[in-house]
Amino acid sequence: MRILGIDPGIARVGWAVIETHAPEPLTISFGCITTEKEEKPEIRLLQIHAAIQLLVTKFHPDCMSVEELFFATNAKTAIGVGQSRGVILLAAAMAKIP
């Protein structure tokens with residue numbers, strides 16, 4: 001099984017593609033999607049969505065694992081991460097990836 005794992009954010013989105021193999025998973029690729037602070041939020045979200053679509057097209061994952069927001073001391077940061085997570089989940093849904 002090929003898995004696309006994602007750590008969402010608005011400035012940086014970490015990602016990795018692994019394949020499950022016995023006895024250990026195999027790392028296929030990994031990286032970071034970055035957006036510029038000076039850009040409008042909607043442009044940054046569009047960039048993240050487009051980058052995730054490219055990863056899905058390139059690696060053809062069987063499923064996607066997206067980290068949930070579990071702690072936030074800064075509400076502004078939490079909103080950006082939540083919005084990023086939303087466009088990432090949208091890309092997965094559009095590609096019919098669980």
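Here are 57, 20, 27: which of them is under 20 Å from residue 86 (Cα atoms) and among the hydroxyl-bearing types (Ser, Thr, Tyr)? Walk me through it before giving the result.
Numbers: 20 fails: under 20 Å from residue 86 (Cα atoms); 27 fails: under 20 Å from residue 86 (Cα atoms).
Unique residue meeting the criteria: 57.
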Of 73, 57, which residue is at pLDDT below 95, loosely packed, with under 12 Cβ neighbours inside 10 Å and of a type in the set (Val, Ile, Thr)?
73
Scan the range 39-54 residue by residue and report those that are over 18 Å from residue 93 (Cα atoms) and either assigned to a strand (DSSP E or B) or out of contact with any Ser or Thr (no Cβ under 7 Å at 6 or more places or on another chain) (or both).
39, 40, 41, 42, 43
Of the numbered conditions (1) touching a Pro at 6+ places or on another chain (Cβ under 7 Å); (2) at pLDDT 95 or above; (3) crowded, with 19+ Cβ neighbours inside 10 Å, residue 63 satisfies every one except a single condition; which is it?
(3)
Across the range 12-38, which residue is most open to solvent (accessible area, probe 1.4 Å) among those that are in contact (Cβ under 8 Å) with a residue 24 or more places away in the chain and closer than 17 Å to residue 89 by Cα?
15
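With respect to residue 23, determine if the residue is of a type outside the set (Gly, Ala, Ser), assigned to a loop (DSSP other than H, G, I, E, B) and closer than 17 Å to residue 4 by Cα.
Numbers: of a type outside the set (Gly, Ala, Ser): yes; assigned to a loop (DSSP other than H, G, I, E, B): yes; closer than 17 Å to residue 4 by Cα: no.
Judged against the criteria, residue 23 is not a match.
The values are calculated or read from the model by the stated rules, or taken from the named source; none is laboratory data. This is a predicted model, so every value here is computed, not measured. Here Cβ is always computed from backbone atoms with ideal geometry, including for glycine, and neighbour counts include all displayed protein chains. The protein model used for the area step is the full one, side chains on, heavy atoms only, and it has no ligands, DNA or RNA in it. Shrake-Rupley method; radii C 1.70, N 1.55, O 1.52, S 1.80 Å.
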